[in-house]
Amino acid sequence: MASQDLPPFRPRTPQFVQAPHPEWKYGTPVSATEEGKRWLEGIDEPDAFKEIDPATTAPRDLYNVMKSGVVPRPIAFVSTTSSDGVDNLAPFSFFNVATGAVAFSISEGERTKDTLANIKSERGFVVNLISEPWLVNAHAAAIPAPPGVSEWGFSGLTKVASKVVKAPRVKESAFAMECEFLHEYEVHDPRTGKLFYTHVLGEVKYIHVRRAVLNEKGAVDVQKYKPVARMGDISYGTIGDVYRMPAPSWEEVAPLLSEEMKMDQRKSA
């Protein structure tokens with residue numbers, strides 16, 4: 001469907017709602033609800049699942065199915081500076097944090113080479129998290145500009161000097177992490193030896209959080225933060241309904257379970 005045929009974008013504040021199925025009890029199968037029954041329709045058909053073997057799947061096809069299936073994903077909007085002083089911006093959606101560190105993947109390609117080269121030469125970079133009001137600015141940095149061309153000029157975003165790394169951070173970002181390069185891990189196609197992508201691991205050295213997005217406990221408030229997620233193909237998503245589901249302790253749950261429930265009764269077909 002062409003974009004002009006879609007409803008216009010409507011900015012919205014994430015809303016907290018009740019968690020799904022508040023009446024659910026431990027051991028109750030998915031099929032107990034009408035929604036669950038609809039979800040399970042056809043699941044036992046012989047062709048219900050498409051089987052994908054990475055060893056026999058073209059790298060690009062594997063990439064496309066994984067980026068559409070593993071969603072939503074946060075976006076690392078990475079700012080770097082080259083050894084000769086050219087500042088660079090680029091978004092990467094195979095990204096997450098890991099106990100005081102950040103990790104993201106850079107696909108092999110012309111437009112991603114500046115980021116990796118800058119990180120390896122200067123060691124420092126900034127991961128700027130994207131919020132809804134400036135998504136279009138960040139998306140502009142995905143344009144495959146020639147090597148050495150800075151995306152800052154046409155993104156409309158504002159540079160702010162970082163505290164501990166050479167690369168500037170994005171002023172508009174409500175949550176930015178200055179990072180120091182720790183390690184890279186190259187992933188090659190086992191059949192051809194061609195470089196497919198590079199995992200980058202960086203230690204978080206300094207964090208900038210805009211006070212306006214914090215709650216009374218000092219944590220980031222999703223309703224104020226308005227984070228943006230990457231979906232499949234060329235799609236992005238914003239946060240709609242949000243619900244809290246506290247993690248119960250075994251001591252709380254054990255009295256609610258029968259001895260039969262405590263045993264693994266489900267067997268693979």
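The values are calculated or read from the model by the stated rules, or taken from the named source; none is laboratory data. Worth saying up front: this structure is predicted, and the values here are computed from it rather than measured. Don't worry about glycine lacking a Cβ; one is built from the backbone with ideal geometry, like all the others, and counts go over all protein chains shown. Accessible surface areas use protein heavy atoms only, side chains included; no ligands, DNA or RNA. Shrake-Rupley method; radii C 1.70, N 1.55, O 1.52, S 1.80 Å.
Specify the residue with the greatest mean-square fluctuation among G36, G156, G100, computed from a Gaussian network of the chain linking alpha-carbon atoms under 10 Å apart.
G36
With θ taken as phi - 60° and the coefficients 6.51, -1.76 and 1.60, list the Karplus ³J(HN,Hα) couplings across region 167-172 in order, rounded to whole Hz; mark glycine and proline as x.
5, x, 9, 8, 4, 6
Towards the positive end of the charge dipole of region 111-156, with charges on Cβ (+1 Lys, Arg; -1 Asp, Glu), say which of A117, W134, P146 has the farthest Cα.
A117
Rounded to the nearest Å, what's the spacing between the alpha carbon centres of region 121-162 and region 59-106? Just the number, please.
13
For F154, F125, write out the residues from largest to smallest accessible area, computed with a 1.4 angstrom probe and no ligands counted.
Result, largest first: F154, F125.
Can you compute the label reach from W24? Point 7 Å from Cα along the Cβ direction, backbone N cut-off under 11 Å, restricted to region 237-251.
The answer is 245.
If amide H atoms are built 1.01 Å from N in the plane of the peptide, which residues on other chains or at least 5 residues away come under 5 Å of the amide H of Y206?
E178
Picking from I207, I75, I43, which is most flexible by a Gaussian network model of the chain using Cα springs under 10 Å?
Taking springs between Cα atoms under 10 Å, the residue moving most is I43.
Hey, what angle do you get for helix 113-122 against the long axis of the chain, alpha-carbon based, 0 to 90 degrees rounded to 10?
70
Compute the relative contact order of the chain as a whole-number percentage, counting only Cα pairs closer than 8 Å that sit 6 or more residues apart in sequence.
22
Which shape class applies to region 91-147: rounded if a/c is under 1.5, otherwise prolate when a/b exceeds b/c and oblate if not, where a ≥ b ≥ c are the square roots of the Cα gyration tensor eigenvalues?
oblate
Taking the chain as a Gaussian network, Cα atoms linked when under 10 Å apart, which of E252, E51, E186 shows the biggest mean-square fluctuation?
E252
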